[in-house]
Amino acid sequence: MREFERIRAAIIRGGTSKGVFVLQNELPSDPDIRDQVILSLYGGDDARQIDGLGGADSLTSKFAMVRVSPREDADVEYTFGQVGVGTGTIDYNSNCGNILSGVGPYAIDEGLVPAKEPFTNIRICNTNTNRVIEAHVPVVDGRAKSTGTFQIDGVPGAGAKILLNFLDAAGAKTGALFPTGKRKEILSCGLGDVEVSVVDASAPVVFVHARSLGLTGTEQPHELSAVHLHQLEDIRSTVAEHLGFVETAQQATTRTPASPKVILVAPRIAYQSSTGATIDKEDIDFVSRAMSMQKMHKTFPVTGGLCTAVASKLKGTIVNECVKQEHNSETVLIGHPSGKMEFSVNVNDTNDHVTIERAAVARTSRRLMEGFAYTSADLFWHGSAG
């Protein structure tokens, strides 16, 4: 018996994240053993991830498992795993829109769906939320196109524009757009009483006004102190308990570190991005900062960003209060640490009845490498591949 087992894999940058993509039939069918194999690919519980493919950062420690979908309303299925850095855990409680942007190109290049030029439309079922997303992927010479002129802040250069349209986005994880039944409420936690809005559109998010933590909302990730991070995690953990994700708030950091997300918002104001560029007040609708795996996000999440854009259209939420009142366009521009992010959102909010007509965002993706990842044969064959 050989010492190592080879797993066919690809490393793909999706949006502002990077992850390892693997076909489901390459992995053991037993979920527990499969998780141990995935963790071994990323370097186990070593915070440096030096003996694996992880990048020692939550944005580069992500995993995608893909297969042809048995569902009639989807072409492929995608399971997202947020691999903990130094924790030896994988969080499956949320979707990742950045990694999602690589699923369509991956499915085309792996032959899971027929390639059609100049664009291939792929229906992707995200198993984490059991929701379908339509991906509009440019194709050339039978493969997903990666070069182009479309740019997103937080990624050097330009690439081919991939449009993601999230269908039936409301209540993606909790089953309700307002999972606590309120658009705004006072939350009692270690910080004291703090005003929040909890919204679930493509992902559950707890929104906090930046001023509640004595912030402007334009801070760079390194400018938030350990106290700020502790306060945000305390708020997030308390909401996780209220949503039934965990039995007690103290369990949230280890059991569901990525969901719900917690996002700071504030009215628009000019600021300097992490690249030194000036983000003019007139070029954005409001500013926002997100936490990712207990650290501040260097750019902005896609699913959490879509929820933020939707919430900006929902009367009575903290996010809506930060937006200029005359804003009626479907385009929502959010200022984040690396620049700005554009969403296309159409929400009908009348008489307490809300319909999300459209929730879409454009990303780019690029296959960085393909080949074989290695894991212990003894570990792999404790389960059966399937």
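Every read-out reported here was derived from the displayed coordinates using simple, explicitly stated rules and does not represent laboratory data. From a predicted model like this one, the values you see are computed outputs, not experimental measurements. Using ideal geometry, Cβ is built from the backbone for each residue, glycine included, and neighbour counts are taken over all protein chains shown.
Details
- Simple point charges give the picture: +1 on the Cβ of Lys and Arg, -1 on the Cβ of Asp and Glu, and for the chain a dipole about the Cα centre of about 600 debye.
- Computed on the Cα atoms alone, the convex hull of segment 147-208 gives a volume of 123 cubic angstrom per residue.
- Taken over segment 1-130, the ratio of Cα radius of gyration to 2.2 N^0.38 Å equals 1.04.
- With Rh defined as the Kirkwood radius, the inverse of the mean 1/r over Cα pairs, the Rg/Rh of segment 174-283 is 1.00.
- Among beta bridges that DSSP assigns inside the chain, antiparallel share in %, nearest 5: 85 percent
- Taking other C-beta atoms within 10 Å as the exposure proxy, Val239, Val227 rank Val227, Val239 from fewest upward.
- Rg ratio for segment 63-111: its Cα radius of gyration over 2.2 N^0.38 Å, N being its residue count, equals 1.26.
- Cα-based radius of gyration for segment 120-240, normalised by 2.2 N^0.38 Å, reads 1.40.
- Pairwise alpha-carbon distances in segment 185-351 exceed 24 Å for 29% of all pairs.
- Equivalent ellipsoid, the chain (semi-axes from 5 times Cα gyration tensor eigenvalues, Å): 32, 24, 20
- Stokes-Einstein D in µm²/s, Kirkwood radius over Cα pairs - segment 316-356 at 20 °C with 1.002 mPa s viscosity: 182 µm²/s
- Sorted ascending by nearby beta carbons within 10 Å, beginning with the fewest, Thr120, Thr299, Thr331 become Thr331, Thr120, Thr299.
- Length-normalised contact order of the chain in % [C-alpha pairs under 8 Å, at least 6 apart]: 20 percent
- Loop GluC sites (Glu not before Pro), segment 248-330 (other Cβ atoms within 10 Å of the site Cβ: 16 or fewer; DSSP): Glu326, Glu330
- Taking every C-alpha pair closer than 8 Å and separated by at least 6 residues, the mean separation divided by the residue count of segment 185-351 gives a relative contact order of 24 percent.
- Count, lysine Cα pairs under 27 Å in segment 185-351, 8 or more residues apart or across chains: 22
- On a per residue basis, the convex hull of the C-alpha atoms belonging to segment 314-386 measures out at 250 Å³.
- Farthest toward positive dipole pole in the chain [+1 Lys/Arg, -1 Asp/Glu at C-beta], among Leu27, Gly15, Gly159: Gly159
- Contact order, relative form, for segment 176-280: 26 percent (alpha carbon pairs under 8 Å, 6 or more residues apart, mean separation divided by residue count).
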